[in-house]
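The values are calculated or read from the model by the stated rules, or taken from the named source; none is laboratory data. As the structure is a prediction and not an experimental result, all values here were calculated from the model. Counting neighbours? That spans all protein chains shown, and the Cβs are built from the backbone with ideal geometry, glycine included. Surface accessibility is based on the protein's heavy atoms, side chains included, excluding ligands, DNA and RNA. Shrake-Rupley method; radii C 1.70, N 1.55, O 1.52, S 1.80 Å.
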Amino acid sequence: MRAGRLISSSNNAMKHIVIQQRRQFSNRTRNDAIQELFRHLESNYGNLSSLIDTGTAAETIVADDGIIHANHLKRLFEHDATALHVRNFYNTESATQLGEELIQESLRKGGKNWKVSTSRGLESSDVGTLGEHPPYNVAVARERQSISSSQNDGDSKDATTPIDEYFEGVQREFHSRRRKGTSYRLWPLDKLRLELDEAWQFGAGLAREQKDQRRAFGGGLPRIMRGPTRWKGFIHVDDLGPLDSSRGLFSANIYLTVPDTDANKHTNTNPDSGSLYIWPLGVRSRLDWYRNAITLSSLSAQDPESQLILRKALGTPNVIHPEPGDLVLLCAQRPHCAVGFSDGVRVSLQSFLQYESEKRLLIDC
(Lines give C-alpha, C1' and ligand atoms only; values in the text may rest on other atoms or scores of the structure.)
Protein backbone atom coordinates (compact mmCIF):
# COMPACT_ATOMS: atom_id res chain seq x y z
CA MET A 1 0.00 0.00 0.00
CA ARG A 2 2.76 2.43 0.96
CA ALA A 3 4.57 1.88 -2.37
CA GLY A 4 1.32 2.41 -4.28
CA ARG A 5 0.71 5.66 -2.48
CA LEU A 6 4.26 6.84 -3.24
CA ILE A 7 3.82 6.07 -6.94
CA SER A 8 0.45 7.84 -6.99
CA SER A 9 1.93 10.86 -5.21
CA SER A 10 4.84 10.93 -7.65
CA ASN A 11 2.47 10.76 -10.61
CA ASN A 12 0.39 13.63 -9.22
CA ALA A 13 3.51 15.72 -8.71
CA MET A 14 4.62 14.99 -12.26
CA LYS A 15 1.20 15.95 -13.62
CA HIS A 16 1.36 19.23 -11.68
CA ILE A 17 4.80 20.02 -13.13
CA VAL A 18 3.61 19.24 -16.67
CA ILE A 19 0.52 21.46 -16.22
CA GLN A 20 2.65 24.31 -14.89
CA GLN A 21 5.09 23.99 -17.81
CA ARG A 22 2.22 24.01 -20.29
CA ARG A 23 0.79 27.13 -18.69
CA GLN A 24 4.17 28.86 -18.76
CA PHE A 25 4.67 27.86 -22.39
CA SER A 26 1.16 29.03 -23.22
CA ASN A 27 1.78 32.38 -21.50
CA ARG A 28 5.10 32.82 -23.32
CA THR A 29 3.47 31.94 -26.61
CA ARG A 30 0.61 34.38 -25.98
CA ASN A 31 3.01 37.17 -24.96
CA ASP A 32 5.21 36.53 -27.98
CA ALA A 33 2.15 36.70 -30.25
CA ILE A 34 1.03 39.99 -28.69
CA GLN A 35 4.54 41.44 -29.06
CA GLU A 36 4.62 40.36 -32.71
CA LEU A 37 1.22 41.97 -33.33
CA PHE A 38 2.37 45.30 -31.89
CA ARG A 39 5.64 45.14 -33.85
CA HIS A 40 3.60 44.64 -37.01
CA LEU A 41 1.31 47.56 -36.15
CA GLU A 42 4.22 49.91 -35.40
CA SER A 43 6.31 48.92 -38.43
CA ASN A 44 3.36 49.46 -40.78
CA TYR A 45 1.31 52.21 -39.12
CA GLY A 46 3.45 53.75 -36.38
CA ASN A 47 4.76 57.31 -36.70
CA LEU A 48 5.65 58.78 -33.33
CA SER A 49 7.13 61.97 -34.79
CA SER A 50 3.71 62.87 -36.24
CA LEU A 51 2.31 62.95 -32.69
CA ILE A 52 4.72 65.63 -31.44
CA ASP A 53 2.63 68.70 -30.60
CA THR A 54 3.30 72.05 -32.26
CA GLY A 55 2.03 75.57 -31.63
CA THR A 56 0.65 76.51 -28.22
CA ALA A 57 0.30 72.87 -27.12
CA ALA A 58 4.09 72.51 -27.34
CA GLU A 59 4.86 75.63 -25.29
CA THR A 60 6.32 75.92 -21.83
CA ILE A 61 4.41 78.78 -20.20
CA VAL A 62 6.71 81.04 -18.18
CA ALA A 63 5.32 83.26 -15.41
CA ASP A 64 7.88 85.77 -14.13
CA ASP A 65 5.70 87.25 -11.38
CA GLY A 66 5.81 84.22 -9.05
CA ILE A 67 2.04 83.76 -9.24
CA ILE A 68 -0.03 80.74 -10.34
CA HIS A 69 -2.60 82.08 -12.82
CA ALA A 70 -5.92 80.35 -13.55
CA ASN A 71 -5.59 80.76 -17.33
CA HIS A 72 -2.16 79.12 -17.26
CA LEU A 73 -3.54 76.18 -15.27
CA LYS A 74 -6.42 75.80 -17.70
CA ARG A 75 -4.07 75.64 -20.69
CA LEU A 76 -1.85 73.09 -18.96
CA PHE A 77 -4.69 70.86 -17.75
CA GLU A 78 -6.38 70.86 -21.17
CA HIS A 79 -3.03 70.04 -22.84
CA ASP A 80 -2.81 73.38 -24.63
CA ALA A 81 0.67 73.70 -23.10
CA THR A 82 3.38 71.21 -22.22
CA ALA A 83 4.61 72.73 -18.95
CA LEU A 84 4.24 75.74 -16.66
CA HIS A 85 7.33 77.38 -15.16
CA VAL A 86 6.56 79.84 -12.32
CA ARG A 87 9.74 81.72 -11.47
CA ASN A 88 10.30 82.98 -7.92
CA PHE A 89 7.31 81.07 -6.58
CA TYR A 90 9.12 80.77 -3.23
CA ASN A 91 11.66 83.28 -1.93
CA THR A 92 15.07 82.41 -3.39
CA GLU A 93 17.04 82.93 -0.19
CA SER A 94 14.52 80.93 1.86
CA ALA A 95 14.50 78.15 -0.75
CA THR A 96 18.30 77.87 -0.71
CA GLN A 97 18.39 77.78 3.09
CA LEU A 98 15.69 75.13 3.22
CA GLY A 99 17.51 73.08 0.58
CA GLU A 100 20.67 73.12 2.70
CA GLU A 101 18.67 71.97 5.74
CA LEU A 102 17.32 69.03 3.76
CA ILE A 103 20.81 68.13 2.50
CA GLN A 104 22.00 67.99 6.11
CA GLU A 105 18.95 65.92 7.05
CA SER A 106 19.78 63.44 4.30
CA LEU A 107 23.35 63.13 5.60
CA ARG A 108 22.10 62.45 9.14
CA LYS A 109 19.22 60.12 8.35
CA GLY A 110 19.95 58.87 4.85
CA GLY A 111 17.37 58.83 2.07
CA LYS A 112 15.12 56.20 0.58
CA ASN A 113 16.40 55.41 -2.88
CA TRP A 114 13.98 55.21 -5.81
CA LYS A 115 14.34 52.00 -7.80
CA VAL A 116 14.11 51.98 -11.58
CA SER A 117 13.23 49.08 -13.87
CA THR A 118 15.97 48.02 -16.29
CA SER A 119 16.67 44.99 -18.45
CA ARG A 120 18.70 43.69 -15.49
CA GLY A 121 15.80 44.09 -13.04
CA LEU A 122 15.29 46.79 -10.39
CA GLU A 123 18.33 49.01 -9.86
CA SER A 124 19.12 51.97 -7.65
CA SER A 125 18.48 55.37 -9.22
CA ASP A 126 20.11 58.75 -8.62
CA VAL A 127 17.09 60.01 -6.67
CA GLY A 128 16.37 59.60 -2.97
CA THR A 129 13.41 60.78 -0.88
CA LEU A 130 13.17 62.14 2.64
CA GLY A 131 10.18 62.24 4.94
CA GLU A 132 8.01 60.43 7.46
CA HIS A 133 6.25 58.24 4.88
CA PRO A 134 6.95 56.58 1.52
CA PRO A 135 5.08 57.52 -1.66
CA TYR A 136 1.58 56.00 -1.61
CA ASN A 137 2.28 53.54 -4.44
CA VAL A 138 5.19 52.12 -2.41
CA ALA A 139 2.90 51.71 0.62
CA VAL A 140 0.35 49.87 -1.55
CA ALA A 141 3.04 47.49 -2.83
CA ARG A 142 4.16 46.80 0.74
CA GLU A 143 0.55 46.19 1.78
CA ARG A 144 0.12 43.55 -0.92
CA GLN A 145 3.36 41.88 0.09
CA SER A 146 2.31 41.98 3.74
CA ILE A 147 -1.08 40.38 2.97
CA SER A 148 0.62 37.63 0.98
CA SER A 149 3.09 36.96 3.81
CA SER A 150 0.41 36.93 6.51
CA GLN A 151 -1.67 34.42 4.54
CA ASN A 152 1.31 32.11 4.30
CA ASP A 153 2.56 32.58 7.86
CA GLY A 154 -0.76 33.03 9.68
CA ASP A 155 0.24 36.40 11.19
CA SER A 156 -2.22 38.43 13.23
CA LYS A 157 -4.59 40.65 11.30
CA ASP A 158 -4.45 43.22 14.13
CA ALA A 159 -0.92 44.37 13.25
CA THR A 160 -0.48 47.89 11.84
CA THR A 161 -0.58 47.71 8.05
CA PRO A 162 1.74 49.59 5.64
CA ILE A 163 -1.26 51.68 4.54
CA ASP A 164 -1.96 52.69 8.15
CA GLU A 165 1.72 53.51 8.59
CA TYR A 166 1.57 55.67 5.46
CA PHE A 167 -1.36 57.77 6.71
CA GLU A 168 0.15 58.10 10.19
CA GLY A 169 3.43 59.20 8.60
CA VAL A 170 1.58 61.77 6.48
CA GLN A 171 0.37 63.56 9.61
CA ARG A 172 3.83 63.52 11.17
CA GLU A 173 5.30 64.92 7.95
CA PHE A 174 2.81 67.80 7.86
CA HIS A 175 3.44 68.79 11.48
CA SER A 176 7.23 68.43 11.46
CA ARG A 177 7.83 70.41 8.26
CA ARG A 178 5.92 73.46 9.48
CA ARG A 179 8.08 73.82 12.58
CA LYS A 180 11.58 75.25 12.78
CA GLY A 181 12.75 75.03 16.36
CA THR A 182 10.14 76.71 18.49
CA SER A 183 8.68 78.79 15.65
CA TYR A 184 6.58 78.03 12.57
CA ARG A 185 7.21 78.71 8.89
CA LEU A 186 5.36 78.47 5.59
CA TRP A 187 6.35 75.10 4.10
CA PRO A 188 6.57 75.49 0.28
CA LEU A 189 4.15 72.62 -0.37
CA ASP A 190 1.59 74.25 1.91
CA LYS A 191 2.00 77.47 -0.09
CA LEU A 192 1.43 75.47 -3.27
CA ARG A 193 -1.82 73.98 -1.91
CA LEU A 194 -3.09 77.37 -0.75
CA GLU A 195 -2.38 79.13 -4.05
CA LEU A 196 -3.78 76.31 -6.19
CA ASP A 197 -6.97 76.49 -4.13
CA GLU A 198 -7.09 80.26 -4.64
CA ALA A 199 -6.30 80.16 -8.36
CA TRP A 200 -8.37 77.20 -9.59
CA GLN A 201 -12.07 78.01 -9.86
CA PHE A 202 -13.13 74.62 -8.51
CA GLY A 203 -10.63 74.69 -5.65
CA ALA A 204 -7.81 72.36 -4.70
CA GLY A 205 -6.87 70.25 -1.71
CA LEU A 206 -5.54 66.95 -0.48
CA ALA A 207 -6.94 63.76 -1.91
CA ARG A 208 -8.65 61.53 0.65
CA GLU A 209 -9.50 57.88 1.07
CA GLN A 210 -12.73 56.88 -0.60
CA LYS A 211 -13.81 54.71 2.33
CA ASP A 212 -13.33 54.12 6.05
CA GLN A 213 -11.78 57.14 7.78
CA ARG A 214 -11.27 59.27 4.65
CA ARG A 215 -7.76 60.09 5.79
CA ALA A 216 -5.73 62.74 3.92
CA PHE A 217 -3.04 61.71 1.47
CA GLY A 218 0.45 63.20 1.62
CA GLY A 219 1.01 66.66 0.15
CA GLY A 220 4.48 65.98 -1.25
CA LEU A 221 7.98 64.82 -0.33
CA PRO A 222 11.56 66.15 -0.59
CA ARG A 223 13.73 64.61 -3.30
CA ILE A 224 17.53 64.60 -3.29
CA MET A 225 19.72 64.04 -6.36
CA ARG A 226 23.52 64.09 -5.89
CA GLY A 227 26.26 64.37 -8.48
CA PRO A 228 27.99 62.71 -10.07
CA THR A 229 24.83 61.00 -11.31
CA ARG A 230 25.19 57.60 -12.96
CA TRP A 231 22.51 58.34 -15.54
CA LYS A 232 22.32 61.28 -17.94
CA GLY A 233 18.56 61.37 -17.43
CA PHE A 234 15.92 58.63 -17.67
CA ILE A 235 13.02 59.48 -19.94
CA HIS A 236 9.78 58.28 -18.35
CA VAL A 237 6.12 59.02 -17.70
CA ASP A 238 4.33 58.71 -14.37
CA ASP A 239 1.09 57.56 -15.99
CA LEU A 240 0.81 55.55 -19.22
CA GLY A 241 -2.13 56.46 -21.41
CA PRO A 242 -3.46 58.91 -24.01
CA LEU A 243 -3.95 62.60 -23.20
CA ASP A 244 -7.51 63.64 -22.36
CA SER A 245 -8.52 67.30 -22.10
CA SER A 246 -11.05 66.48 -19.37
CA ARG A 247 -8.69 64.64 -16.98
CA GLY A 248 -5.06 63.90 -16.34
CA LEU A 249 -2.16 63.47 -13.94
CA PHE A 250 0.25 66.35 -13.36
CA SER A 251 3.35 66.78 -11.23
CA ALA A 252 4.48 69.84 -9.29
CA ASN A 253 8.11 70.42 -8.35
CA ILE A 254 9.41 73.26 -6.20
CA TYR A 255 13.18 73.61 -6.60
CA LEU A 256 15.24 74.51 -3.52
CA THR A 257 18.82 73.76 -4.56
CA VAL A 258 20.15 73.26 -8.09
CA PRO A 259 23.61 72.24 -9.38
CA ASP A 260 25.97 75.06 -10.29
CA THR A 261 25.97 75.35 -14.08
CA ASP A 262 29.48 76.83 -14.28
CA ALA A 263 30.95 74.10 -12.07
CA ASN A 264 29.47 71.41 -14.32
CA LYS A 265 30.89 72.95 -17.51
CA HIS A 266 34.37 71.65 -16.62
CA THR A 267 33.25 68.04 -16.12
CA ASN A 268 30.10 67.67 -18.24
CA THR A 269 29.80 68.47 -21.93
CA ASN A 270 26.01 68.76 -21.79
CA PRO A 271 25.09 72.46 -21.35
CA ASP A 272 21.71 71.36 -19.95
CA SER A 273 23.15 69.35 -17.06
CA GLY A 274 20.90 69.65 -14.00
CA SER A 275 17.94 70.95 -16.02
CA LEU A 276 14.58 69.37 -16.85
CA TYR A 277 13.62 67.93 -20.23
CA ILE A 278 10.01 67.46 -21.29
CA TRP A 279 8.88 66.32 -24.73
CA PRO A 280 5.64 67.73 -26.20
CA LEU A 281 4.42 64.30 -27.25
CA GLY A 282 0.64 64.36 -27.69
CA VAL A 283 -0.75 60.82 -27.93
CA ARG A 284 -4.48 61.52 -27.79
CA SER A 285 -6.11 58.23 -28.78
CA ARG A 286 -5.72 54.57 -27.90
CA LEU A 287 -5.33 53.79 -31.59
CA ASP A 288 -2.26 56.04 -31.84
CA TRP A 289 -0.98 54.47 -28.63
CA TYR A 290 -1.32 50.95 -30.03
CA ARG A 291 0.31 52.01 -33.31
CA ASN A 292 3.43 53.06 -31.40
CA ALA A 293 3.19 50.65 -28.45
CA ILE A 294 6.63 49.06 -28.84
CA THR A 295 8.49 52.38 -28.59
CA LEU A 296 6.14 53.82 -25.96
CA SER A 297 6.52 50.73 -23.75
CA SER A 298 10.15 51.80 -23.27
CA LEU A 299 8.83 54.60 -21.05
CA SER A 300 8.28 52.03 -18.29
CA ALA A 301 11.48 50.02 -18.87
CA GLN A 302 14.33 52.40 -18.28
CA ASP A 303 17.33 50.47 -19.61
CA PRO A 304 20.02 52.19 -21.74
CA GLU A 305 18.93 50.52 -24.98
CA SER A 306 15.35 51.70 -24.60
CA GLN A 307 16.53 55.19 -23.71
CA LEU A 308 18.49 55.49 -26.96
CA ILE A 309 15.42 54.45 -28.95
CA LEU A 310 13.26 57.00 -27.12
CA ARG A 311 15.70 59.90 -27.56
CA LYS A 312 15.89 59.25 -31.28
CA ALA A 313 12.12 58.90 -31.68
CA LEU A 314 11.12 61.89 -29.52
CA GLY A 315 13.51 64.45 -31.01
CA THR A 316 14.26 67.78 -29.35
CA PRO A 317 12.76 68.39 -25.89
CA ASN A 318 11.61 71.55 -24.17
CA VAL A 319 14.39 72.56 -21.78
CA ILE A 320 13.61 74.13 -18.40
CA HIS A 321 16.42 75.59 -16.27
CA PRO A 322 14.91 75.97 -12.78
CA GLU A 323 16.42 78.23 -10.14
CA PRO A 324 15.97 77.99 -6.34
CA GLY A 325 12.38 78.92 -5.51
CA ASP A 326 10.96 78.09 -8.95
CA LEU A 327 7.85 75.96 -9.43
CA VAL A 328 7.44 73.68 -12.44
CA LEU A 329 4.10 72.03 -13.27
CA LEU A 330 3.95 69.49 -16.08
CA CYS A 331 1.76 66.77 -17.49
CA ALA A 332 3.11 63.53 -16.00
CA GLN A 333 1.77 61.65 -19.04
CA ARG A 334 4.27 63.40 -21.34
CA PRO A 335 7.83 61.99 -21.47
CA HIS A 336 10.22 63.89 -19.23
CA CYS A 337 13.50 63.47 -17.37
CA ALA A 338 15.83 65.20 -14.94
CA VAL A 339 19.14 65.71 -16.74
CA GLY A 340 22.14 64.27 -14.92
CA PHE A 341 25.09 66.33 -13.70
CA SER A 342 28.65 65.87 -12.43
CA ASP A 343 28.85 68.16 -9.42
CA GLY A 344 26.45 69.50 -6.83
CA VAL A 345 23.09 68.55 -5.33
CA ARG A 346 19.56 69.13 -6.53
CA VAL A 347 16.85 69.34 -3.88
CA SER A 348 13.19 69.66 -4.81
CA LEU A 349 9.75 69.08 -3.31
CA GLN A 350 7.37 67.01 -5.41
CA SER A 351 3.65 66.31 -5.35
CA PHE A 352 1.06 65.13 -7.87
CA LEU A 353 -2.19 66.75 -9.03
CA GLN A 354 -5.20 64.77 -10.23
CA TYR A 355 -7.25 66.89 -12.62
CA GLU A 356 -10.83 66.22 -13.66
CA SER A 357 -12.90 68.79 -15.55
CA GLU A 358 -15.08 71.02 -13.33
CA LYS A 359 -13.96 69.28 -10.15
CA ARG A 360 -11.63 70.06 -7.29
CA LEU A 361 -7.93 69.46 -7.92
CA LEU A 362 -6.72 66.57 -5.79
CA ILE A 363 -3.16 66.65 -4.44
CA ASP A 364 -1.30 63.55 -3.31
CA CYS A 365 2.04 61.85 -3.01
Margin query: Among the residues that make up the stretch 203-218, is at least one of them closer than 24 Å to Arg108 by Cβ and within 20 Å of the chain's Cα centre (by Cα)?
Written below: yes
Notebook entry, point to check: Which residues, taken from the stretch 281-296, are closer than 11 Å to Leu240 by Cβ and in contact (Cβ under 8 Å) with a residue 60 or more places away in the chain?
Noted result: Val283, Ala293, Leu296
Check: Which residue, of Pro271, Pro259, is part of a loop (DSSP other than H, G, I, E, B), free of Cβ contacts under 8 Å to residues at least 24 places away in the same chain and at negative phi?
Finding: Pro271
Item checked: Number of positions in the stretch 59-92 that are part of a helix (DSSP H, G or I), touching a residue at least 60 places away in the same chain (Cβ under 8 Å) and not hydroxyl-bearing (Ser, Thr, Tyr) -> 4
Checklist line | Checklist (1) among the charged types (D, E, K, R); (2) open to solvent by 60 Å² or more (accessible area, probe 1.4 Å); (3) closer than 25 Å to Val62 by Cα applied to Asp343, failing item | finding: (3)
Check: Looking at the stretch 205-259, which of its residues are open to solvent by less than 30 Å² (accessible area, probe 1.4 Å) and over 28 Å from Ser275 (Cα atoms)?
Finding: Gly205, Leu206, Ala207, Glu209, Ala216, Phe217
Checklist line | Residues within the stretch 319-340 that are open to solvent by 40 Å² or more (accessible area, probe 1.4 Å) and of a type in the set (D, E, K, R), tallied | finding: 1
Check: Residue check: is Leu102 part of a helix (DSSP H, G or I), of a type outside the set (S, T, N, Q) and modelled with pLDDT under 95?
Finding: no
Checklist line | Test for Asp80: is it touching a helix residue (DSSP H, G or I) at 6+ places or on another chain (Cβ under 6 Å), at pLDDT 95 or above and not hydrophobic (A, V, I, L, M, F, W, C) | finding: yes
Next item on the list: Would you tally the residues in the stretch 34-52 being among the aliphatic types (A, V, I, L, M) and open to solvent by 60 Å² or more (accessible area, probe 1.4 Å)?
Entry: 2
